[in-house]
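Everything on this sheet refers to the single structure shown next.
The values are calculated or read from the model by the stated rules, or taken from the named source; none is laboratory data. Note that the coordinates shown come from a computational prediction; the quantities given were computed from them, not determined experimentally. In this analysis, Cβ positions are derived from the backbone assuming ideal geometry, glycine residues included, and neighbour counts consider all displayed protein chains.
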Amino acid sequence: MSRREAWITALAIFAIAVVVRGIAATFVPFAVPEDTAYYWGVARNVVEGRGLVSDALWSYYLPPLVIPRPAFEIWLPFPSFLAIPAMALLGTGFGAAQVSSALVSSLVPVLAWRLGADLAVERDLPVVRARVLAVGSGLVATFYGSLVLYGMLPDSTAPFTVAALSACVLMERVARRPGTIRLLDPRLLGIGIALGLAALTRNEALWYAAAWAIVAWGISRGVAVGSRPGAFARLGAFARLVGAPAVVAIAVFAPWAARQWAIFGSPLPGQAVANAFSRTGFDIFAWQDPPTFSAWIAQGPAKLFADRIEGFRHNLVTVLLLPAIPVGPIGLVGLPWIVRSRVLRPLLIGGTLTFLATTLLFPVSTTWGTFLHSAGPIHVLLVLSAMAGLDALIARVSRARAWRPGSAVLAPIGLILVGFPFLALTVAGIGGVARDTQARYEGLALRLDAAGLPLAEAGPVISDFPIWIAEALRVPALALPDESPENVLDLARTFGATFLILDSEQAHGRWPAVLGSGEPGAECFVPVPEPKPTGTASPKEMLVYRIACP
């Protein structure tokens, strides 16, 4: 493929992906889930001149415990940075934030095409099959439900996927032609930039950096570094291969690390390590009962083992297979046939390390989204595996049945046609959740205004969904810890909160059931009655309590 043809193909895939994600985004008028609302809300605060802050205080692990809270004590800022330019031009609404997400996520199919083209070259496929494998991989990724989903939502998934895949593409370029590695080799500098941006997006960038170290050690034997003896030559080559990207990645991340150190007292996300000791997902909201090693180990071997089994099931089935039918299952079956691919080795190693780390080190947190938001590169790996496996199968059948070479197009066409209904269900499902959530929070504000209890005058609100309260209603909000009523009262007194608001559709640990248990402090939470029916359909009411004790 000529350079001109390659550029035309990449732009065409990008344009189709933008259209698909743009159409899908119109079905999602509200920021769901909560992490999406957080990135959008922080970007909005920056555009409005308030700075890099959030009105939601949802983690009490690190000081300063103030509202507004300096943003990103746990998560990382790059998704909000990406949303700021579009919001500065188009307004601070959620739709403006979706523009940046749609554009960034549309690079994922382009990178899938590039990896597919490299895989076809590695396998020395005939021209027709090579083009079908490459372009088909890009088009399948364009209509792949899990990848489209995060083109509608401005969160960390899409930018992390783009950064990690870009690093993997460049890693393969180095492995293909190691030659004499210069200190300022553009390929190495590019790997460093990509890994640095990935580190500004998600902590799982660490596993793709480790993947590069493994790949670099494998190719260091063939890198010319002068006339020194073998062992020293290899170590020198490895130092060059790893050192240059490391310096660049650190330089990219360093300004943010300095900001975190100045504000939170640590250059790294403070609660990330503590999450490894979570007993339930609610531990992230702990006020007086934070996760500790002693409490974690006291659960016993059976519970610790069961958590990892559940983490494995969640990551494999809930994240990779069910939302990705038919590509996910086919790609999983095809993995043994690509495991030795040089082209896909960085992606395979990085994805495997991510899967194992989230499953074994963070088995509780991963059921709340840790692996979900870092799985984008693995979804692309499954696309490539499915395409490569079907290409080989169709080629074998074609030889036996004397089919024409063009039969290779059956693979991408089949995957897209079978997967399209699942894509439609994904878009319709998340759109329904977004509209229902938007209606509930708008209805909540109207309800309290009608009751003479306007939220704007209430001070901080304690809630099981504090980010939605803060960003949908522009009201300071505190996360409800899954602790006793007395502990929650202590939280309310500390910050001057006068309301507790719970989503009535799901339990938040022991809440709201604990209010009927007779525990000390439960009597201080006084229900605010629902309004009388008006005869028109209305969203399901939320549970509202006044905190009556001084």
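Of note:
- Residue in segment 338-357 that is free of Cβ contacts under 8 Å to residues at least 60 places away in the same chain, in contact with a Lys or Arg (Cβ under 9 Å, 6 or more places away or on another chain) and assigned to a helix (DSSP H, G or I) present: no
This table checks each residue for (1) surrounded by fewer than 24 Cβ atoms within 10 Å (Cβ to Cβ); (2) touching a helix residue (DSSP H, G or I) at 6+ places or on another chain (Cβ under 9 Å); (3) modelled with pLDDT under 95; (4) under 21 Å from residue 426 (Cα atoms).
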position	(1), (2), (3), (4)
1	yes, yes, yes, no
11	yes, yes, no, no
15	yes, no, no, no
18	yes, yes, no, yes
39	no, yes, no, no
42	no, yes, no, no
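- Boolean, residue 409 is part of a loop (DSSP other than H, G, I, E, B), in contact (Cβ under 8 Å) with a residue 60 or more places away in the chain, over 30 Å from residue 308 (Cα atoms) and in the same structural domain as residue 199 (by TED's automatic domain parsing): no
- The condition of being surrounded by fewer than 24 Cβ atoms within 10 Å (Cβ to Cβ) and either at pLDDT 95 or above or in a helix (DSSP H, G or I) (or both) holds for residue 206.
- Taking segment 47-159 and the helices (runs of 4 or more DSSP H) fully enclosed by it, the elements with 2 or more residues that are farther than 30 Å from residue 23 by Cα are at 107-122, 127-142.
- One residue stands out in segment 449-489 among those that are touching a helix residue (DSSP H, G or I) at 6+ places or on another chain (Cβ under 7 Å) and of a type in the set (D, E, K, R): the one that is farthest from residue 72 (Cα to Cα), namely 482.
- The C-beta contact set for segment 272-295 (first residue farther than 14 Å from residue 358 by Cα, second residue among the hydroxyl-bearing types (Ser, Thr, Tyr) and assigned to a helix (DSSP H, G or I), distance under 9 angstrom, 6+ apart or interchain) comprises 283/365; 284/365; 287/494.
- Segment 429-455 - residue that is free of Cβ contacts under 8 Å to residues at least 12 places away in the same chain and in a helix (DSSP H, G or I) and, of those, farthest from residue 148 (Cα to Cα): 449
- Answer residue from segment 304-316, given it is crowded, with 17+ Cβ neighbours inside 10 Å and either touching a residue at least 60 places away in the same chain (Cβ under 8 Å) or closer than 18 Å to residue 351 by Cβ (or both) and is nearest to the chain's Cα centre (by Cα) among those: 315
- Test for residue 177: is it surrounded by fewer than 24 Cβ atoms within 10 Å (Cβ to Cβ), without any contact (Cβ under 8 Å) to a residue 60 or more places away in the chain and within 23 Å of residue 8 (Cα to Cα): no
Residue-wise test of (1) within 24 Å of residue 464 (Cβ to Cβ); (2) buried (at least 19 other Cβ atoms within 10 Å of the Cβ); (3) in contact with a Gly (Cβ under 6 Å, 6 or more places away or on another chain); (4) hydrophobic (A, V, I, L, M, F, W, C).
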{"position": "245", "(1), (2), (3), (4)": "no, yes, yes, no"}
{"position": "251", "(1), (2), (3), (4)": "no, no, no, yes"}
{"position": "255", "(1), (2), (3), (4)": "no, no, no, no"}
{"position": "263", "(1), (2), (3), (4)": "no, no, no, yes"}
{"position": "266", "(1), (2), (3), (4)": "no, no, no, no"}
{"position": "272", "(1), (2), (3), (4)": "yes, no, no, yes"}
{"position": "275", "(1), (2), (3), (4)": "yes, yes, no, no"}
{"position": "298", "(1), (2), (3), (4)": "no, no, no, yes"}
{"position": "302", "(1), (2), (3), (4)": "no, no, no, yes"}
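- Considering residues of segment 509-532 that are buried (at least 16 other Cβ atoms within 10 Å of the Cβ) and not in a loop (DSSP other than H, G, I, E, B) only, the residue nearest to the chain's Cα centre (by Cα): 511
- Screening residue 549 against (1) modelled with pLDDT of 85 or more; (2) touching a helix residue (DSSP H, G or I) at 6+ places or on another chain (Cβ under 6 Å); (3) over 27 Å from residue 32 (Cβ atoms); (4) not polar (S, T, N, Q) leaves a single unmet condition, (1).
- One residue from 430, 416, 378, 469 being within 24 Å of residue 525 (Cα to Cα) and β-branched (Val, Ile, Thr): 469
- Segment 484-522, residues that are in contact (Cβ under 8 Å) with a residue 60 or more places away in the chain and touching a Cys at 6+ places or on another chain (Cβ under 8 Å): 489
- Test: residue in segment 499-508 that is assigned to a helix (DSSP H, G or I) and within 25 Å of the chain's Cα centre (by Cα): no
- Residue that is farthest from residue 85 (Cα to Cα), among those in segment 1-46 that are assigned to a helix (DSSP H, G or I) and among the polar types (S, T, N, Q): 9
Residues checked against (1) of a type in the set (A, V, I, L, M); (2) more than 30 Å from residue 120 (Cα to Cα):
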position: 392; (1), (2): yes, no
position: 398; (1), (2): no, no
position: 408; (1), (2): yes, no
position: 411; (1), (2): yes, no
position: 427; (1), (2): yes, yes
position: 435; (1), (2): no, yes
position: 462; (1), (2): yes, yes
position: 467; (1), (2): yes, yes
position: 478; (1), (2): yes, yes
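- For segment 76-109, residues that are out of contact with any helix residue (DSSP H, G or I) (no Cβ under 7 Å at 6 or more places or on another chain) and crowded, with 21+ Cβ neighbours inside 10 Å total 1.
- Restricting the first member to segment 186-203 and to residues that are within 17 Å of residue 272 (Cβ to Cβ) and in contact (Cβ under 8 Å) with a residue 60 or more places away in the chain, and the second to residues that are assigned to a helix (DSSP H, G or I) and among the polar types (S, T, N, Q), the beta-carbon pairs closer than 8 Å and six or more apart or on different chains are 202/374.
- So residue 158, is it farther than 29 Å from residue 429 by Cβ, of a type outside the set (S, T, N, Q), buried (at least 23 other Cβ atoms within 10 Å of the Cβ) and at pLDDT 95 or above: no
- Residue, modelled with the highest pLDDT, within segment 174-192, restricted to residues that are farther than 15 Å from residue 218 by Cβ and of a type in the set (D, E, K, R): 187
- Considering 339, 333, the condition of being of a type outside the set (D, E, K, R), modelled with pLDDT under 95, exposed (fewer than 14 other Cβ atoms within 10 Å of the Cβ) and farther than 18 Å from residue 122 by Cβ is satisfied by 333 alone.
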